[in-house]
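Nothing in this text is a laboratory measurement; each read-out follows from the coordinates by a stated rule. If you're wondering where the values come from, they're calculated on a predicted model, not measured in any experiment. Every residue, glycine among them, receives a Cβ derived from its backbone with ideal geometry; neighbour counts consider all protein chains shown.
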Amino acid sequence: MPIHRWLIPKGLYTPADKAALAEAIADLYERRGLPRFYVVVVFVDQEEEGFYYGGKPVGAKAKQFVRVDVEHIARNFASDATTTEKHRWMDGYEAVVAPWTKDRGVHWEVQVKDVCDRDLWHQDGMVPPPLGSLEQKIWKRENRPVPPEEMEAMKRASEEGASV
């Protein structure tokens, strides 16, 4: 599950901006095979006197700056990706968020942290299925965690010819 924490000056983005940005980020992960419900985006609006960049307050009257902290759990770049793959992912992320950062003249910083142990991650009290497994494909299709008893019925249906 990736969680994206956007530290932003209060008033920088409208509710519609936030909704569109969250959708764009979820789309990025869905295109890479993860279920949409894994993606969490949190906007933390900061008052000018509580958010500083280079020692100067950040806000409507000052230089605008956004700090994005991304934590990866489902996939771990630290152990599962080459430097080239990491750079490709960062370039893709930058392209997705550009309409809300670069294109608006906002300064930004993105940091991806992915040192979480997958064994310490649960969704609705369940261990998420392995990447690329039939179970993960079912979670993705259903866009929710699927309890074991439901999973077994869906797998049987899949084996009997229904598509996942």
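Exceeding 29 Å between C-alpha atoms, which entries from my cross-link table qualify? They are LYS86/LYS140; LYS113/LYS140; LYS10/LYS137; LYS86/LYS155.
LYS10/LYS137; LYS86/LYS155
Output the DSSP H helices from the chain with an along-axis C-alpha extent of no less than 20 Å and a mean Kyte-Doolittle hydropathy no less than -0.5.
15-31
To the nearest 20 Debye, how big is the dipole of the range 122-164 about its Cα centre, given +1 on the beta carbon of each Lys and Arg and -1 on that of each Asp and Glu?
Numbers: 6 positive and 8 negative charges, 44 e Å.
That gives a dipole near 220 debye.
Could you give the size of the charge dipole of the chain about its Cα centre, using +1 on the Cβ of each K and R and -1 on the Cβ of each D and E, expressed in debye and rounded to the nearest 20? Before the final figure, lay out each step's value.
On the way: 23 positive and 27 negative charges, 114 e Å.
With Lys and Arg at +1 and Asp and Glu at -1, about 540 debye.
Ratio of the range 3-121's C-alpha Rg to 2.2 N^0.38 Å, to two decimals?
So the range 3-121 has a normalised radius of gyration of 1.11.
Which one of TRP121, PRO147, TYR13 has its Cα pushed farthest toward the positive end of the charge dipole of the range 6-162, where Lys and Arg give +1 and Asp and Glu give -1 at the Cβ?
Positive-end residue among those listed: TYR13.
Please figure out what share of the DSSP beta bridges in the chain is antiparallel and state it in percent, rounded to the nearest 5.
Restricted to the chain, the bridges split so that about 35 percent are antiparallel.
Between the range 127-156 and the range 1-76, what's the alpha-carbon centroid distance in Å?
29 Å
I need the GluC sites (Glu not before Pro) found in the range 1-60, filtered to DSSP loop residues with at most 15 other beta carbons within 10 Å of theirs.
Answer by residue number: GLU47.
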